[in-house]
Amino acid sequence: MPPFKVIIVGGGPAGLITGHCLAKAGIDFEILESLDKHDPNAGASNALWPQSVRVFDQLGLLEEATTLHSPVDYRQSITPEGTPFYKSDVFKQTRELHGHSFMLFHRAELLNLLDRRLPDRASRVHNNKKVTAIETHVNGVKVACVDGSVFEGAMVIGADGANSTVRRLMEEKAAQKPKKEAMKTAYAGLYGSCTRLPGLEDGTFYETHGPKFSIQLGVGRTRAFFIIYHRLDTPTTERHKCSEEEKTALAAEYADSFITPEHRFKDVWDIALWSHMAHIEEGLVEKWYGDRVVLLGDNVHKMMPNAGFGFNSAIISAAALTNGLRRLVLEKGDAEDISNDELTRVFAEYERIRKPDASKFVNVSAAYARAVAWDNVVFRVVDRYIGPYIRMDIILLKGLMSPLVRQGLVLDFLEEKDFREGSVKWKNPRQTLARVREHEDPNAKNSDEQSS
Ligand SMILES: Cc1cc2nc3c(=O)[nH]c(=O)nc-3n(C[C@H](O)[C@H](O)[C@H](O)COP(=O)(O)OP(=O)(O)OC[C@H]3O[C@@H](n4cnc5c(N)ncnc54)[C@H](O)[C@@H]3O)c2cc1C
């Protein structure tokens, strides 16, 4: 009888982190990724918040991640004319609140780490496999790719991004009308990286706040990462692939905007190593699962990237889903024994746990993006004049973000070696070996709690 095997569609950040979680849980899986390989230049920055750093620690990825990241302590806000109006130690305070740092990466380096370190990567990740169809039968699934290949497993995790094929197939099968309105686009993003410019301050995240736009500039070890968020005239639910002409025109529109007190956007654009323009969808999908299919990552919770919560949300989702699947597999043993109903119960529990949190992150990210882009006159006055005076970002960090961060789930079967806690206690306490054992066998008495 074949062992329980998961087919993950999408080998992006969400698919790969899920692979790591499943590997540690002892659950077999294969990843189908449509791209030939990940471009080592692609993407801008991707930052980890402390709740995700805990999961990286559990997965044994933290040590190497630490060597790749760039520390961030400060956010420097400026006007498009280059006037600095607020310097905040918001990231330093994040570390003081939660123990772990806010870790900034080049997205390609983070993805490369996840890809390279995946156990049995060569046999588990299949590139050039664009999934086009999923067939569900009584004991499992058949997943078909555009090249005619077919992969079989017990279930599918769709981790194929905002414009998800798996979500579309799932909704069509359930005869639900595809809920187009779940993902709306109000902003376009122009993002990329360039070699590090002279004059940038280490540990500083620059943010230009302007009418209907904002620009972020992250300072990495060897590169700087830029993102323009440009508000569209009319929000849309239609998919749109931005052309090279649109990208060039947007770069020209913001060329003279300051991105630090000394640099204009054209200074990074002229030396860009990679850039891309895309519509940034936002939304939360209503139903996260169907028959033997469950969704994870940007395909269910897509948010504005300004606050850096998108991948972080996928990491916590991967932990939640893995915890549930592992319990089921331990109880049932093999694929033949696991019914559709049993999987559905795990999927429903995963959605129940994750949806409220994901919804809050989508909303917080939306509000942040609009406040710094002076979406209306109130945002402008508060952000430009009142916020710096009362240190509103710190108030929001402590009152809004930190309560969400502290709720972050961890894998309930792995210990945390580099556990850290700041002034705010984690909702899910340190995973020690004793706690893991107690979780496996609730009758076992804690004997080695000393490791906490
Ligand atoms: C400029 C920018 C900055 C960001 N900064 C941060 C940050 O600091 N912190 C943070 O947490 N998040 C950040 N995000 C968000 C983060 O990048 C996303 O949340 C994350 O990439 C989502 O991962 P995913 O795997 O769900 O989707 P994707 O990244 O879209 O990956 C999906 C993968 O599936 C593959 N795929 C698609 N269709 C198919 C198919 N049919 N068959 C097989 N494979 C398929 C794709 O090729 C791709 O590799 C940022 C986003 C942007 C745009």
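Being touching a His at 6+ places or on another chain (Cβ under 9 Å), under 23 Å from Cys145 (Cα atoms) and surrounded by fewer than 24 Cβ atoms within 10 Å (Cβ to Cβ), is that true of even one residue in the stretch 18-30?
Just the residues of the stretch 18-30 that are touching a His at 6+ places or on another chain (Cβ under 9 Å), to begin with: 30.
Those still in the list that are under 23 Å from Cys145 (Cα atoms) too: 30.
Pick out the ones that are also surrounded by fewer than 24 Cβ atoms within 10 Å (Cβ to Cβ) and you get 30.
Checked against the condition, which is being touching a His at 6+ places or on another chain (Cβ under 9 Å), under 23 Å from Cys145 (Cα atoms) and surrounded by fewer than 24 Cβ atoms within 10 Å (Cβ to Cβ), the stretch 18-30 yields at least one hit.
Quick check on this structure: which one of Ser88, Ser77, Ser52, Ser123 is open to solvent by 10 Å² or more (accessible area, probe 1.4 Å), among the hydroxyl-bearing types (Ser, Thr, Tyr) and at negative phi? Residue meeting the stated conditions: Ser123. Evaluation of Ala251 against the conditions (1) assigned to a loop (DSSP other than H, G, I, E, B); (2) modelled with pLDDT of 95 or more shows that the sole unmet condition is (1).
The set of residues in the stretch 71-94 being of a type outside the set (S, T, N, Q), more than 15 Å from the ligand (Cβ to nearest atom) and in a strand (DSSP E or B) consists of Tyr74, Ile78, Pro84, Phe85, Tyr86, Lys87.
For the residues Glu351, Glu336, the requirement of being open to solvent by less than 40 Å² (accessible area, probe 1.4 Å) and touching a residue at least 12 places away in the same chain (Cβ under 8 Å) singles out Glu351. Among residues that are surrounded by 20 or more Cβ atoms within 10 Å (Cβ to Cβ) and not in a helix (DSSP H, G or I), Asn299 is included.
Counting only strands (runs of 3 or more DSSP E) wholly contained in the stretch 136-196, the ones carrying 2 or more residues that are more than 19 Å from the chain's Cα centre (by Cα), within 21 Å of Ala278 (Cβ to Cβ) and more than 10 Å from the ligand (Cβ to nearest atom) occupy 184-195.
Which count do you get for residues in the stretch 199-252 that are among the charged types (D, E, K, R), out of contact with any His (no Cβ under 8 Å at 6 or more places or on another chain) and either farther than 21 Å from Val382 by Cβ or open to solvent by less than 20 Å² (accessible area, probe 1.4 Å) (or both)? Please lay out each step first, then the result.
Taking the stretch 199-252 first, the residues among the charged types (D, E, K, R) are 201-202, 207, 212, 221, 223, 231, 233, 238-239, 241, 244-247.
Among the residues that remain, those that are also out of contact with any His (no Cβ under 8 Å at 6 or more places or on another chain) are: 201-202, 207, 221, 231, 233, 238, 241, 244-246.
Next, from what is left, pick out any that are either farther than 21 Å from Val382 by Cβ or open to solvent by less than 20 Å² (accessible area, probe 1.4 Å) (or both): 201-202, 207, 221, 233, 238, 241, 244-246.
Total satisfying the criteria: 10.
Just one of the listed residues (Val294, Val268, Val300) is within 13 Å of Ala358 (Cα to Cα), modelled with pLDDT of 95 or more and β-branched (Val, Ile, Thr), namely Val300. The residue list Leu110, Leu97 contains one member that is away from the ligand (no atom under 13 Å from the Cβ), in contact with a Pro (Cβ under 9 Å, 6 or more places away or on another chain), open to solvent by less than 30 Å² (accessible area, probe 1.4 Å) and in a helix (DSSP H, G or I), which is Leu97. Those helices (runs of 4 or more DSSP H) of the stretch 348-412 in which 1 or more residues are closer than 30 Å to Ala25 by Cβ occupy 402-405.
For the stretch 355-380, a tally of residues being over 20 Å from the mean Cα position of the chain (by Cα), open to solvent by 70 Å² or more (accessible area, probe 1.4 Å) and in contact (Cβ under 8 Å) with a residue 24 or more places away in the chain returns 1.
The lone criterion from (1) closer than 30 Å to Lys87 by Cβ; (2) among the aliphatic types (A, V, I, L, M); (3) in contact with a helix residue (DSSP H, G or I) (Cβ under 9 Å, 6 or more places away or on another chain) left unmet by Ile316 is number (1).
If you go through the stretch 229-246 and keep only what is in contact (Cβ under 8 Å) with a residue 40 or more places away in the chain and either part of a strand (DSSP E or B) or closer than 14 Å to Lys266 by Cβ (or both), you end up with Tyr229, His230, Arg231, Leu232, Pro235, Thr236. For the stretch 171-179, the criterion of a residue being closer than 30 Å to Leu68 by Cα and either without any contact (Cβ under 8 Å) to a residue 40 or more places away in the chain or open to solvent by 10 Å² or more (accessible area, probe 1.4 Å) (or both) is satisfied by no position. On the given criteria, is Asn306 in a loop (DSSP other than H, G, I, E, B), within 13 Å of the ligand (Cβ to nearest atom) and not small (Gly, Ala, Ser)? No: the conditions fail for Asn306.
The values are calculated or read from the model by the stated rules, or taken from the named source; none is laboratory data. Just so you know, these numbers come straight off a predicted model, no measurement behind them. Because the Cβ atoms are built from the backbone with ideal geometry, glycine has one as well, and the counts that use them run over all protein chains shown. Side chains included, ligands, DNA and RNA excluded: accessible areas come from the protein's heavy atoms. Shrake-Rupley method; radii C 1.70, N 1.55, O 1.52, S 1.80 Å.
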